[in-house]
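The values are calculated or read from the model by the stated rules, or taken from the named source; none is laboratory data. Please read these numbers as outputs of a predicted model, since none were measured by experiment. Ideal geometry is used to build each Cβ from the backbone, glycine not excepted, and the neighbour counts take in all protein chains shown.
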Amino acid sequence: MDGPTTRRPVTVSPRRIEVRQPQQNDVIGMNFVIAGYGTGFETTVHWRVLDNNGNQLGDGNIQGAGSTGVIRDFGNTVTLGNTPARGMHVSVQVFGDDPSGIHPPGTDLNIIHATLFTSLEGFKLYEVKSGDNLTKIAREEGQNTTTNDIFEANRDRISNANLIFVGQVLRIPLLT
C-alpha cells in the first residue's frame, strides 16, 4: 500500500428551502399549513399540490421568506379548491423561484407525499392491539372513517389491509 490516503472534505450545498410541515406521508385536508424556513427570490416561496396523474389541484405563493441569502421562517395556510378526495395520494411541492425561467419549478424543490381527505377534521394515532383489524379500528376509533380510509392514510406502514401487527401505530382520519 502506498502512503496515507489524503481525504478531501466533501462540501454540501445547504438547501435554501426546508419544509417542516407537512411531513412525508402526513394526512392533510383541503386546508392545511405549509411551514418551514428558507430564502426565496424577492422573499417568495412557491407551492403546488399535484395528484398522482400530475394534475394540479392548487398552487400559490408564500410571502415573507428570507431574501438575498437571509433565511427566515415561513408559514402559510393553503386552501385547495373543490377536489373530492377520500384518501387521494398527492404530492405537495414547495420550491424557490428560478428568475431565469430556465429550470422550473425553481431551486430547492421539496416534494412531500401526503394523503388528502376533503372532509378531514384531523387524525389521531392508534396503537394496534391483539385482536384488532382495520374494520374494528374504523368502527371503534374513527369518525365517519372506513377501513379503506385507514388503509390509504397508512400506505407507508401497511401494504396489505388484512395484515396489521400488534404495536403498529396507525393514523386514523377523523372525517366530518
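Of the residues examined, VAL128 is one that is touching a Gly at 6+ places or on another chain (Cβ under 8 Å) and farther than 27 Å from GLY58 by Cα.
Of the residues ALA138, ALA114, only one is closer than 26 Å to GLY60 by Cβ and either hydroxyl-bearing (Ser, Thr, Tyr) or at pLDDT 95 or above (or both); which? Criteria check complete, one pass: ALA114.
Determine if region 135-144 includes at least one residue that is surrounded by 19 or more Cβ atoms within 10 Å (Cβ to Cβ) and of a type in the set (Asp, Glu). Taking every residue of region 135-144 in turn, none turns out to be surrounded by 19 or more Cβ atoms within 10 Å (Cβ to Cβ) and of a type in the set (Asp, Glu).
For the residues ILE71, ILE34, ILE17, the requirement of being more than 17 Å from THR118 (Cβ to Cβ), hydrophobic (A, V, I, L, M, F, W, C), out of contact with any helix residue (DSSP H, G or I) (no Cβ under 8 Å at 6 or more places or on another chain) and at pLDDT 95 or above singles out ILE34.
Among the conditions (1) within 29 Å of PRO173 (Cβ to Cβ); (2) at pLDDT below 80, the only one that ALA65 does not satisfy is (1).
Whenever a residue of region 64-82 is over 15 Å from ARG48 (Cα atoms), its partners that are hydrophobic (A, V, I, L, M, F, W, C) and assigned to a loop (DSSP other than H, G, I, E, B), lying with C-beta atoms within less than 7 angstrom and at least six residues away or across chains, give the pairs ARG72/ALA65; PHE74/ALA65.
Of the set (1) touching a strand residue (DSSP E or B) at 6+ places or on another chain (Cβ under 9 Å); (2) aromatic (Phe, Trp, Tyr); (3) assigned to a loop (DSSP other than H, G, I, E, B), all apply to PHE123 but (3). For region 123-153, give me each residue that is touching a residue at least 40 places away in the same chain (Cβ under 8 Å) and either at positive phi or not hydroxyl-bearing (Ser, Thr, Tyr) (or both). Across region 123-153, the qualifying residues are PHE123, LYS124, LEU125, GLU127, VAL128, ASN148, ASP149, PHE151, GLU152, ALA153. Taken over region 26-36, the criterion of being in contact with a strand residue (DSSP E or B) (Cβ under 6 Å, 6 or more places away or on another chain) and farther than 11 Å from ASP108 by Cβ is satisfied by ASP26, VAL27, ILE28, GLY29, ASN31, PHE32, VAL33, ILE34, ALA35. When region 74-111 is filtered for residues that are modelled with pLDDT under 80 and within 13 Å of the chain's Cα centre (by Cα), nothing remains. On the basis of being on the phi > 0 side of the Ramachandran plot and assigned to a strand (DSSP E or B), does GLY87 make the cut? Judged against the criteria, GLY87 is a match.
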